[in-house]
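One structure follows; several queries about it will come next.
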Amino acid sequence: LWEFKLLKKEVMLSPEIGQEVIKKELPLIPKLPGVYRMLNSENEILYVGKAKNLPNRLKSYVSEKNHIIRTERMLSQTKKLEITTTVNESEALLLEANLIKKHKPKFNILLKDDKSFPYIFISNHKFPRIERHRGAKNKSGKYYGPFASSLAVNSAIKTLQRIFLLRSCTDKQVEAGNKTCFNYFLKRCAGPCGGKINKEDYSKLVEAADEFLSKGKSRKIQSNLSSQMESASEELDFEKAAIMRDKIKSLNIIQSSLTVSDANLIEADVIAGFKESGKTCIQVFFYRSKQNWGNQAFFPKHDPDDKLSEIINSFISQFYENKTVPKQIIISEDIKEKKLIEKTLSKKENKQIHITTAKQGSKLKIVNLAIKNAKNTLNRKIYESQNNKELLDSISKKFKIDNSINLIEVYDNSHIQGTNSVGALITYGEEGFIKKRYRKFNIKNEKFKQDDYGMIKEVLERRFKRAISEKGNYLTFPDLVLIDGGKGQYSTARETLNDLGLNEIPVVAIAKGKFRNSGNETFFHNGREFKFAKNDPSLFFLQRIRDEAHRFAISAHRAKRSKGIKQSLLDQIEGVGLIRKKALLNHFGSARAVESASFDEIKSVEGVEEKVAKKIYNFFHE
């Protein structure tokens, strides 16, 4: 009802308000390319636009009479206009994309779930190292990708290690050259760390890996492996033949996971979209070295009336604002700013970028596959959103909450006897879990570190005090707060929010049954206890989001504990002083190696008696 009233109010407001603002500013605006920003009375950016000629573009808001509803709503709220001129239209395009991603104006098409993608990285060392990389490419070496997920990269690296035997051990281990890493014995490393291979022979392995990753020369590699296997068999070296056979199997595995495309796309991204019910899914397929390196789905935020071509147009400029651009971008729809985007991205990457719309042949097949994926993914998301909305509405009815629930925040704590105490917050909305709204809180108040009630109080105070003081720049308020706990935890949460003046935010606590069995939970809200039937979908839903909060809290606690161990790993163990610490490090080489050592191995270190060895072993394995 509140949203309807607000929408009605916006529609009733006149677009002439914004038009008058533009009219006043027009005589002062130079006839140059640039970016304009429309702001409301609270200095919030409503819309970011670009233009080849700023005055000409802004005049269209004043001269045209029949604007679409979204533009009229935007103009009715516009109280201020800001201008930034640029050298050319390409710079304006890049600046526009940057500002949209930074400020997320409500009247722009927004790329959500934006993130960097993982790459395979091979370093420029004497004995190059293979590893996963995400983020800025500031290390010297070669990058291969992007891959759609970390899982795909990790799987590819493991398989590549079996085929090419590239090291993943540290530089210090290689420089020392006196201890062979475990991967060598698993036939996943050529053994430079133990001096098992010289630089020239290792370089050949690196060259073969580069040929496979950058040029897709799998047939040549497979032929060489087959020849080596046959030669080894003829020489009755069956162990070597078996190793070559296993490498061929691994090559087949990675070939099947990185499907070779019929279109022979050496370096291309395929971008296709599907729009239905006012929502859109865009699928991006990554093709490198004639292989499909995975795909990722995106759900841009936009007005229901926006055309698919407009959405894809805006998506491309925002998507590549902070990513490496391939030589070819194949799209499913003709876009208005194709030439401008090509020119801008070519200048950004210092190479020629081509954007083409697939019309026929093998490229059209790939685009149609991407469209099919986008359609299936969107339909599934719409179905899930409808189900989620029904579940959220059922929660409102069950607990007799007057306002509709669109956003739930769930809180949980984790600690072991007051150590490494962490509070966790996860968020659930109509589209599922909202990972970007997850937060962890390291408990600062020493009095609260063993007190569940105190931890809840500290976490809620820190979360909502910041939201109150940084309104508009922090997390918006939820429609429901769900606490993992019983009546006491409910009372603490309710009192904390009331003290902050947030009486209107409902609180529900979820307590496990007497025997902690799933399905016997008791819920507390407004002085009443609630139960659900064991087969009630609402109960399963609440259990699921409670369990996700618990998982996140546990993972945050373990990460904190692990970090503490790494920082002062051996110093935390009673009975391990400076002399014993030195003896352990000299024997094992690192504190991490002590962690993975057996009890007998620790006991064998000079100066470490059985009693102390037991303490060290138990510290890492309790």
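The values are calculated or read from the model by the stated rules, or taken from the named source; none is laboratory data. Quick caveat: nothing in here was measured; it's all calculated off a predicted structure. For neighbour counting, all protein chains shown are included, and Cβ atoms are generated from backbone atoms with ideal geometry for every residue, glycine included. Just so you know, the surface numbers come from the protein's heavy atoms only, side chains and all, with ligands and any DNA or RNA stripped out. Shrake-Rupley method; radii C 1.70, N 1.55, O 1.52, S 1.80 Å.
Regarding PHE399, is this residue among the aromatic types (Phe, Trp, Tyr), over 30 Å from ILE266 (Cβ atoms) and under 25 Å from the mean Cα position of the chain (by Cα)?
Spelling it out, it is not the case that PHE399 is among the aromatic types (Phe, Trp, Tyr), over 30 Å from ILE266 (Cβ atoms) and under 25 Å from the mean Cα position of the chain (by Cα).
Does MET38 satisfy being modelled with pLDDT of 90 or more and aliphatic (A, V, I, L, M)?
Considered against the rule, which asks whether it is modelled with pLDDT of 90 or more and aliphatic (A, V, I, L, M), MET38 comes out as yes.
If I filter the stretch 286-309 for residues that are assigned to a helix (DSSP H, G or I), among the acidic types (Asp, Glu) and open to solvent by 20 Å² or more (accessible area, probe 1.4 Å), do I get at least one hit?
Taking every residue of the stretch 286-309 in turn, none turns out to be assigned to a helix (DSSP H, G or I), among the acidic types (Asp, Glu) and open to solvent by 20 Å² or more (accessible area, probe 1.4 Å).
Pairs needed: first member in the stretch 181-210, among the hydroxyl-bearing types (Ser, Thr, Tyr); second member anywhere, at pLDDT below 80 and part of a helix (DSSP H, G or I); C-beta distance under 7 Å; at least 6 residues apart or different chains.
So the pair list comes out as TYR184/GLY194.
Let me ask you something else. Could you say which residue among LYS449, LYS465, LYS440 is among the charged types (D, E, K, R) and either loosely packed, with under 13 Cβ neighbours inside 10 Å or at pLDDT 90 or above (or both)?
So the residue among LYS449, LYS465, LYS440 that is among the charged types (D, E, K, R) and either loosely packed, with under 13 Cβ neighbours inside 10 Å or at pLDDT 90 or above (or both) is LYS465.
If you don't mind, another one. May I ask you to verify whether ASN56 is under 15 Å from ILE22 (Cα atoms), in contact with a strand residue (DSSP E or B) (Cβ under 9 Å, 6 or more places away or on another chain) and surrounded by fewer than 18 Cβ atoms within 10 Å (Cβ to Cβ)?
Taking the combined requirement at face value, the residue does not satisfy it.
Let me ask something else. Considering (1) farther than 29 Å from PRO304 by Cα; (2) surrounded by fewer than 17 Cβ atoms within 10 Å (Cβ to Cβ); (3) modelled with pLDDT of 90 or more, say which one GLY135 fails and leave the rest.
(3)
Also: Would you confirm whether or not the stretch 183-196 contains a residue that is at pLDDT below 85, within 28 Å of THR324 (Cβ to Cβ) and exposed (fewer than 15 other Cβ atoms within 10 Å of the Cβ)?
no
Next question, about the same structure. Within the stretch 362-369, is even one residue open to solvent by less than 30 Å² (accessible area, probe 1.4 Å) and either touching an Asp or Glu at 6+ places or on another chain (Cβ under 9 Å) or closer than 26 Å to THR492 by Cβ (or both)?
Checked the stretch 362-369: at least one residue is open to solvent by less than 30 Å² (accessible area, probe 1.4 Å) and either touching an Asp or Glu at 6+ places or on another chain (Cβ under 9 Å) or closer than 26 Å to THR492 by Cβ (or both).
Scan GLY34, GLY49, GLY18 and give me the residue that is over 33 Å from the mean Cα position of the chain (by Cα) and open to solvent by less than 60 Å² (accessible area, probe 1.4 Å).
Criteria check complete, one pass: GLY18.
Something else now. Could you pull out the residue among SER562, SER598 that is closer than 30 Å to LYS179 by Cβ, at pLDDT 80 or above, open to solvent by less than 60 Å² (accessible area, probe 1.4 Å) and not hydrophobic (A, V, I, L, M, F, W, C)?
Result: SER598 is the single residue among SER562, SER598 that is closer than 30 Å to LYS179 by Cβ, at pLDDT 80 or above, open to solvent by less than 60 Å² (accessible area, probe 1.4 Å) and not hydrophobic (A, V, I, L, M, F, W, C).
Also, I was wondering about something else. Give the residue, chosen from SER203, SER214, that is open to solvent by less than 70 Å² (accessible area, probe 1.4 Å) and within 32 Å of the chain's Cα centre (by Cα).
SER214
Quick one: how many residues across the stretch 84-110 are under 29 Å from GLU16 (Cβ atoms) and open to solvent by 60 Å² or more (accessible area, probe 1.4 Å)?
So the answer is 4.
Moving on. Only one residue in GLU610, GLU574, GLU548 is at pLDDT 80 or above and open to solvent by 40 Å² or more (accessible area, probe 1.4 Å). Which one?
GLU610
When you look at SER317, is it free of Cβ contacts under 8 Å to residues at least 24 places away in the same chain and among the hydroxyl-bearing types (Ser, Thr, Tyr), yes or no?
Against the criterion (free of Cβ contacts under 8 Å to residues at least 24 places away in the same chain and among the hydroxyl-bearing types (Ser, Thr, Tyr)), SER317 does not qualify.
Of the residues that make up the stretch 141-162, is at least one touching a residue at least 12 places away in the same chain (Cβ under 8 Å), exposed (fewer than 13 other Cβ atoms within 10 Å of the Cβ) and on the phi > 0 side of the Ramachandran plot?
No - not one qualifying residue is present in the stretch 141-162.
Would you point out which residue out of GLU42, GLU72, GLU82, GLU91 is assigned to a helix (DSSP H, G or I) and within 18 Å of LYS102 (Cα to Cα)?
Only one candidate qualifies: GLU91.
Right, next: Are there any pairs with C-beta distances below 7 angstrom linking a residue in the stretch 362-382 that is within 11 Å of ILE282 (Cα to Cα) to a residue that is of a type in the set (Asp, Glu) and open to solvent by 60 Å² or more (accessible area, probe 1.4 Å), with the two at least 6 apart or on different chains, and if so which?
Going by the 7 Å Cβ cut-off, the qualifying pairs are LEU378/GLU276.
May I ask you to list the residues in the stretch 588-606 that are of a type outside the set (Gly, Ala, Ser) and farther than 14 Å from LEU570 by Cα?
Once the filter is applied, which keeps residues that are of a type outside the set (Gly, Ala, Ser) and farther than 14 Å from LEU570 by Cα, the stretch 588-606 yields PHE599, ASP600, GLU601, LYS603, VAL605, GLU606.
Select from the stretch 326-344 the residues that are in contact with a strand residue (DSSP E or B) (Cβ under 8 Å, 6 or more places away or on another chain) and farther than 21 Å from ALA374 by Cβ and write down the one among them that is least open to solvent (accessible area, probe 1.4 Å).
Only one residue tops the list, namely GLU342.
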